[in-house]
Amino acid sequence: MRMTTAITTRLEEARGLDRPASVLRGLVGRVPAGRIRDIAHGVPIGHPVHPVLVQVPIGAWISASVLDFVPRTGPASGVLITVGLGAALPAAATGALDWAQTHEQQQRVGLVHAAANSVAVGLYTASLWARLRGRPIRGRLLALTGLTAVGVGGLLGGHLAYRQATGVNHAEQVPHVVGDGSRWHSIGLLSALPVGKPVRRFVGETPVLVVRGADRVDVLADRCAHLSGPLSEGEVRDGRVTCPWHDSVFDLCTGEVVHGPATAPQPVFETRVDGDELRVRLPGAG
Ligand code: FES
């Protein structure tokens, strides 16, 4: 096993991180659900905001360290470090909100990711202070050390996103595994479905959520786009389904996200009834 993989695997299994994670989760949980939280998750743009926001501090701090090797650019480096420090706060806040609604293995790695970035913020603050006090060499060394901490944080952020699939669309594969989008698939008898209750059926091996209403049937991919929670075990009310794992809310008719933490919509199947047989297809699949 590669060294980095061995380290991240140990972090995923480090139960000693669960206690501080629980404390931090409690603090983050004080942010009320609603519009602000949805914006912070990235619901309006359809994917998490955090990876976008982190570009600013990382870019500013890398640029500051590059300028530190260019003569007579000390003031510009200081400005860039200040910009990075200012941008770190919203980046951390959005990351914390996303983090609080993940699996425990993701939270363990996320906690160390946050700690590395917090160390970086401390080092860049010290770097700025040293520069303001007329100690540029010390300021440059602190900035380089801060950049190392940012690198560690970035490595763990990559592990969270690409290895642990945090923040990605967990329903993305559905159109690809369902197959031919023009073909209708039978998923059972309409009369066998309870009215107003979520039920799981299968299109091939793909689980789908089926909700029979008074005058329509809604069929969505069952695995929640956030982290694959089973929507068929969620609550259905007012034309919406709430995921049982982290309370994402989806519109049953359109699949759109009403409330996060999910940011990507659920694939919605077209339905038709032949006799008593309910058939579905997913337009665009294949
Ligand atoms: S799995 Fe997290 S909200 Fe559905």
Considering Cα pairs under 8 angstrom that are at least six residues apart, work out the relative contact order of the stretch 181-286 and quote it in whole percent. 28
Computed, not fitted: 222 nm per-residue ellipticity of the chain from DSSP H runs ≥ 4 (each -39500 (n - 2.57)), nearest 500, equal to -14500 deg cm²/dmol
Would you work out what percent of the accessible area of the chain, with all protein chains in place, is carbon or sulfur (probe 1.4 Å)? 60
Cα gyration tensor shape of the stretch 174-281, rounded if a/c is under 1.5, else prolate or oblate by comparing a/b with b/c: oblate
Nearest-5 percent of antiparallel DSSP beta bridges in the stretch 174-281? 95
Given a Förster distance of 45 Å, the FRET efficiency implied by the Cβ-Cβ spacing of Arg133 and Thr4, rounded to the nearest 0.05, works out to 0.75
Per residue, how much accessible surface does the stretch 3-163 expose to a 1.4 Å probe? Answer in Å², no decimals. 55
Under 20 Å from the 7 Å Cα→Cβ point of Arg237, by amide nitrogen: which residues of the stretch 251-273? 251-262
Net lengthening on full extension, Ser182/Leu155 (0.36 nm per residue, minus Cα-Cα): 5.5 nm
How much area per residue is accessible in the stretch 174-281 when the probe is 1.4 Å and only protein heavy atoms are counted (Å²)? 46
Please compute the modelled spin-label separation between Ala93 and Glu256, points set 7 Å along Cα→Cβ, answer in nm with one decimal. 2.6
Using a Gaussian network for the chain with springs between C-alpha atoms less than 10 Å apart, which of these wobbles most: Leu252, Leu193, Leu147? Leu193
Restricting to the chain, what percent of DSSP beta bridges are antiparallel, rounded to 5? 95
Hey, got a sec? Which trypsin sites (Lys or Arg not before Pro) in the stretch 21-64 land in a DSSP loop and have at most 10 other Cβ atoms within 10 Å? Arg30
Under the rule a/c < 1.5 gives rounded, and otherwise a/b versus b/c splits prolate from oblate, where does the stretch 3-163 land using the Cα gyration tensor? prolate
For Ala214 and Ala165, what does the FRET efficiency come to when R0 = 41 Å and r is the distance between their Cβ atoms, rounded to the nearest 0.05? 0.65
To the nearest 0.05, what FRET efficiency results for Val70 and His47 with a Förster distance of 35 Å applied to their C-beta separation? 0.45
Please check: in the Gaussian network model of the chain (C-alpha springs, under 10 Å), which one of His259, His113, His185 has the largest mean-square fluctuation. His185
When the chain is treated as a GNM, springs tying every alpha-carbon pair under 10 Å, which of Val174, Val70, Val83 comes out with the largest mean-square fluctuation? Val70
Can you grab the distance from the C-alpha centre of the stretch 1-60 to the C-alpha centre of the stretch 69-104, Å, no decimals? 15
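The values are calculated or read from the model by the stated rules, or taken from the named source; none is laboratory data. Since the model is a prediction, treat every value here as computed from it, not as a measurement. Here the Cβ is made from the backbone with ideal geometry for all residues, glycine too, and neighbour counts use every protein chain on show. Calculation scope for accessible area: heavy atoms of the full protein, side chains included, ligands and nucleic acids excluded. Shrake-Rupley method; radii C 1.70, N 1.55, O 1.52, S 1.80 Å.
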